[in-house]
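Student: Take this structure first; my questions come after.
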Amino acid sequence: MRPAVVARGTRAALLLLLFAAATAHSQGPGGERLRKTDLVRLLSGLTLAPDELAALIRRSCLSFTPTSRDRADFVALGADPAVLREIDGCVRRAAAVRPPLSGVRSGFVLGVGQHGAAGAHPPLPLMFELRDTAGLPVAGREVALSVTNGRVGAPLVVTDSSGRVHVDVTLGPRVGPVEVTAQAGAIERQATLYADPAPAAKLTLRCGEARLDGRMSLAPGGAAVLRVTAQDAFGNEASVTGLQAASGDRGVVRVTFVGTDAAGGLVRVAPRGAGSTSLVVVASRQREDVRITVALAPVAGVTLCP
């Protein structure tokens, strides 16, 4: 038997088998058609001619709604205009008989209201689900995502076979509400999460309203109370924990009190004699060093405290 005859016979046999499978699927309880993997396999092989593949798609239709990315992949695999027309026809026919999206049954189903650190992902996944008016999940549907006070990994995602998408969201940078919006067609839903301060990244020391930039001076016989606050990498106020303070020379400056209140930490220092020494403040796994000068007269360019 000639090879051309064998090839035609093989194509015909495969086509009949696929037709039979498609008919069986269409009569099954799930109403299944050609899957994406089936179409990719057929386009990748040389078994069916383009007109035969177009006829198969017209008869069996598809079990999914191709995205723009899917269409580009099909073209790259060799789908010709006839095949693409049949794919588009399947999508139109499916849309005509598919129940519409349900605003009541669709929305965020997991992860709403949770807290997480600014700059990080929430502890639990944020899930959005699409269902039609029959209560069935809607697969292969594009969902547009946007966020206020946050960042999404992808602005456009596609629902999986269960009608769900995992919203990849990063919280912050600001402390407070993070509003995530998902839109599919006319359906738009919001989910609110909350960004909390991230771990402290630096300490700030103040004497009254003046911020200390590494140096300060004290008058003999005076004392000063320093306010200690912590900030995360985004500038949000973070909690002050484990506060400690120590003087490099207790003959010049002595630490008389270390404590915390609702606004942060407090360190009280008192001069003992003229001279200069260092004050080391440690809190929230951060360290800040201040050079303290005790002098009878103010030191030029150095904050006098108090």
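Student: Any idea which of (1) open to solvent by 30 Å² or more (accessible area, probe 1.4 Å); (2) under 27 Å from G176 (Cα atoms); (3) hydroxyl-bearing (S, T, Y); (4) touching a residue at least 60 places away in the same chain (Cβ under 8 Å) is the one T293 doesn't satisfy?
Tutor: Tallying (1) open to solvent by 30 Å² or more (accessible area, probe 1.4 Å); (2) under 27 Å from G176 (Cα atoms); (3) hydroxyl-bearing (S, T, Y); (4) touching a residue at least 60 places away in the same chain (Cβ under 8 Å), T293 fails exactly one: (2).
Student: Now for a different question. Mind checking which residues of the stretch 144-191 are closer than 30 Å to E237 by Cβ, small (G, A, S) and more than 11 Å from the chain's Cα centre (by Cα)?
Tutor: Those that are closer than 30 Å to E237 by Cβ, small (G, A, S) and more than 11 Å from the chain's Cα centre (by Cα): G176, A191.
Student: Give the residues of the stretch 57-79 that are of a type outside the set (A, V, I, L, M, F, W, C) and either more than 20 Å from V157 (Cβ to Cβ) or out of contact with any helix residue (DSSP H, G or I) (no Cβ under 9 Å at 6 or more places or on another chain) (or both), sorted by residue number.
Tutor: Answer for the stretch 57-79, where residues must be of a type outside the set (A, V, I, L, M, F, W, C) and either more than 20 Å from V157 (Cβ to Cβ) or out of contact with any helix residue (DSSP H, G or I) (no Cβ under 9 Å at 6 or more places or on another chain) (or both): R58, R59, S60, T67, S68, R69, G78.
Student: Considering only residues that are in contact with a Ser or Thr (Cβ under 8 Å, 6 or more places away or on another chain), in contact (Cβ under 8 Å) with a residue 40 or more places away in the chain and either in a loop (DSSP other than H, G, I, E, B) or surrounded by 17 or more Cβ atoms within 10 Å (Cβ to Cβ) (or both), which ones fall in the stretch 252-278?
Tutor: Those that are in contact with a Ser or Thr (Cβ under 8 Å, 6 or more places away or on another chain), in contact (Cβ under 8 Å) with a residue 40 or more places away in the chain and either in a loop (DSSP other than H, G, I, E, B) or surrounded by 17 or more Cβ atoms within 10 Å (Cβ to Cβ) (or both): V252, V253, L266, V269.
Student: Residues of the stretch 33-79 being small (G, A, S) and either under 17 Å from R141 (Cα atoms) or buried (at least 19 other Cβ atoms within 10 Å of the Cβ) (or both), which ones? Lay out the reasoning, then the answer.
Tutor: The initial filter retains those residues of the stretch 33-79 that are small (G, A, S), namely 44-45, 49, 54-55, 60, 63, 68, 72, 76, 78-79.
A54, S60, S63, S68, A72, A79, listed by residue number.
Student: Right, something else. What are the residues in the stretch 136-169 that are hydrophobic (A, V, I, L, M, F, W, C) and either touching a helix residue (DSSP H, G or I) at 6+ places or on another chain (Cβ under 6 Å) or not in a loop (DSSP other than H, G, I, E, B) (or both), if any?
Tutor: V143, A144, L145, V147, V152, L156, V157, V158, V165, V167, V169
Student: Can you tell me which residues in the stretch 169-189 are surrounded by fewer than 21 Cβ atoms within 10 Å (Cβ to Cβ), without any contact (Cβ under 8 Å) to a residue 60 or more places away in the chain and at negative phi?
Tutor: T170, P177, E179, T181, Q183, E188
Student: Specify the residue that is nearest to S68 (Cα to Cα); the eligible residues are those in the stretch 190-205 that are of a type in the set (G, A, S) and open to solvent by less than 10 Å² (accessible area, probe 1.4 Å).
Tutor: Here is the first cut: in the stretch 190-205, the ones of a type in the set (G, A, S) are 191, 195, 198, 200-201.
This time we only want the ones that are open to solvent by less than 10 Å² (accessible area, probe 1.4 Å), so: 191, 195.
Details: A191: 27, A195: 34 Å.
Result: A191.
Student: What number of residues within the stretch 80-106 are part of a helix (DSSP H, G or I) and either closer than 18 Å to V158 by Cβ or open to solvent by 40 Å² or more (accessible area, probe 1.4 Å) (or both)?
Tutor: Total meeting the criteria: 12.
Student: Working carefully through the options A55, A95, A82, find the one that is touching a Pro at 6+ places or on another chain (Cβ under 9 Å) and of a type in the set (G, A, S). Before you say what the answer is, go through the steps one by one.
Tutor: On the way: A55 fails: touching a Pro at 6+ places or on another chain (Cβ under 9 Å); A95 fails: touching a Pro at 6+ places or on another chain (Cβ under 9 Å).
Criteria check complete, one pass: A82.
Student: Determine if the stretch 59-69 includes at least one residue that is β-branched (V, I, T), at pLDDT below 90 and within 14 Å of I87 (Cβ to Cβ). Give the derivation first.
Tutor: Quick first cut of the stretch 59-69, residues β-branched (V, I, T) only: 65, 67.
Next, only the ones that are at pLDDT below 90 stay: 65, 67.
From what's left, within 14 Å of I87 (Cβ to Cβ): 65, 67.
Yes, the stretch 59-69 has at least one match.
Student: Given the residues G214, G242, G222, G185, which is the only one that is within 30 Å of V158 (Cα to Cα) and out of contact with any Gly (no Cβ under 9 Å at 6 or more places or on another chain)?
Tutor: One residue alone meets the criteria, G185.
Student: Continuing with this model, one more query. Which count do you get for residues in the stretch 110-135 that are part of a strand (DSSP E or B), open to solvent by less than 60 Å² (accessible area, probe 1.4 Å) and either free of Cβ contacts under 8 Å to residues at least 40 places away in the same chain or more than 28 Å from N236 (Cβ to Cβ) (or both)?
Tutor: 2
Student: When you scan the stretch 214-241, how many residues do you find that are over 14 Å from A118 (Cβ atoms), in a strand (DSSP E or B) and open to solvent by 20 Å² or more (accessible area, probe 1.4 Å)?
Tutor: Within the stretch 214-241, residues that are over 14 Å from A118 (Cβ atoms), in a strand (DSSP E or B) and open to solvent by 20 Å² or more (accessible area, probe 1.4 Å) number 3.
The values are calculated or read from the model by the stated rules, or taken from the named source; none is laboratory data. Nothing here was measured: the structure is a model prediction, and the numbers come from that model. Here Cβ is always computed from backbone atoms with ideal geometry, including for glycine, and neighbour counts include all displayed protein chains. Calculation scope for accessible area: heavy atoms of the full protein, side chains included, ligands and nucleic acids excluded. Shrake-Rupley method; radii C 1.70, N 1.55, O 1.52, S 1.80 Å.
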